[in-house]
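A short write-up of the structure that comes next.
The values are calculated or read from the model by the stated rules, or taken from the named source; none is laboratory data. Source: prediction; values computed, not measured. When we count neighbours, we look across all protein chains shown, and the Cβ atoms used for this are built from the backbone with ideal geometry, even at glycine. The protein model used for the area step is the full one, side chains on, heavy atoms only, and it has no ligands, DNA or RNA in it. Shrake-Rupley method; radii C 1.70, N 1.55, O 1.52, S 1.80 Å.
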Amino acid sequence: NAGVTQTPKFQVLKTGQSMTLQCAQDMNHEYMSWYRQDPGMGLRLIHYSVGAGITDQGEVPNGYNVSRSTTEDFPLRLLSAAPSQTSVYFCASNPTSTDTQYFGPGTRLTVL
Amino acid sequence: GENVEQHPSTLSVQEGDSAVIKCTYSDSASNYFPWYKQELGKRPQLIIDIRSNVGEKKDQRIAVTLNKTAKHFSLHITETQPEDSAVYFCAASKGGSYIPTFGRGTSLIVHP
């Protein structure tokens, strides 16, 4: 049982490039979320999903897209990276039976 | 939407002292209040939580109190140890399909 996994661990992009941050969980959790963590700003919700085929925006969705075709996977897409998207990104999942968020190890993204 | 305020942003204590971190929330419908600990370079992990039908909960050296009338809740750590040094996040949620809203975090430093 690997829990929540994220790839890559580190990534450097140039402004305007696109990329996908991968997130997967093997706990059959219905809910999955993406957060960004910036110094002094806490964990801010980008997008979330309450099940396959269902996604919704969080507090800071601009510049990011998501999809949820399977229960296990919830990729986050940056269409045209900007320096303001330099951050640490965490994926999380939780089952409907509890409200506990299980976080992945994070991806540190730098946009030059 | 929900707004969670967390204070202080930084807390420095001597080993053996107690530490208290306070949070307020805005949505009176919130009924689940977790606390997460994030060690340097690691993912946030749940350390304790409380639901609105309980006023206090303890787990060894940590305790959480909730005042629903005032809409605030606190984390108490007694007999602090250097390994308690981390960033602590509070959060509030209405439970069910609602994703929690996090505070901005408190950096706790325990000096040996």
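Please give me the summed charge of the neighbours of B:E39: other residues whose Cβ is under 15 Å from its Cβ, Lys and Arg +1, Asp and Glu -1.
Counting the neighbours of B:E39, the net charge comes to +1.
Where does the charge balance sit around A:V60 when Lys and Arg score +1, Asp and Glu -1, over other residues with C-beta under 9 Å from its C-beta?
For residues surrounding A:V60, the net value is +1.
For the stretch A:52-112, what does the relative contact order come out to in percent, with C-alpha contacts under 8 Å and a separation of six or more?
26 percent
Given an 8 Å cut-off on Cα distances and at least 6 residues of separation, report the relative contact order of chain B as a percent.
37 percent.
Consider a paramagnetic label point 7 Å from the Cα of A:D56 along Cα→Cβ; state which residues of the stretch B:97-112 have an amide N under 17 Å from it.
Answer for this model: B:97-102.
Please go through the residue pairs A:K14/B:K42; B:K22/B:K71; B:K22/B:K68; B:K68/B:K94; B:K22/B:K57; B:K22/B:K58 and name each one whose alpha carbons sit more than 19 Å apart in this structure.
Listed pairs above 19 Å: A:K14/B:K42.
Going by average Cβ neighbours within 10 Å, how do the peptides A:30-39, A:16-25, B:3-12 rank, with the highest at the top?
Final packing ranking: A:30-39, A:16-25, B:3-12.
Report the FRET efficiency, 1/(1 + (r/R0)^6), for A:T70 and B:K42, where r is their Cβ-Cβ distance and R0 is 25 Å, rounded to 0.05.
Working from the Cβ atoms, E equals 0.35.
Assuming R0 = 25 Å, can you tell me the calculated FRET efficiency for the pair A:N1 and B:D27, based on Cβ-Cβ distance, to the nearest 0.05?
It comes to 0.15.
Could you report the buried accessible area between A and B, both sides summed, computed with a 1.4 Å probe and given in Å² to the nearest 100?
So the buried area, both faces added, is about 1600 Å².
Provide the FRET efficiency to the nearest 0.05 for the A:A82-B:T78 pair, computing r from the beta carbons and using R0 = 45 Å.
So, using R0 = 45 Å, E works out to roughly 0.50.
What Kirkwood hydrodynamic radius, in Å, does chain A give when the mean of 1/r is taken over all pairs of distinct Cα atoms and then inverted?
Answer for chain A: a Kirkwood hydrodynamic radius of 13.9 Å.
For B:K37, which aspartates and glutamates qualify as cross-link partners when the Cα separation must be under 13 Å and same-chain residues fewer than eight apart are set aside?
Cα-Cα hits under 13 Å: B:D49, B:E83, B:D84.
Please tell me the relative contact order of chain A in percent, rounded to the nearest whole number, where contacts are Cα pairs under 8 Å and at least six residues apart.
36 percent
Note down the net charge around A:V111, summing +1 for each Lys or Arg and -1 for each Asp or Glu among other residues with Cβ under 15 Å from its Cβ.
+3
Once each part is reduced to its C-alpha centroid, what is the distance from the stretch B:17-86 to the stretch A:51-112 in angstrom?
25 Å
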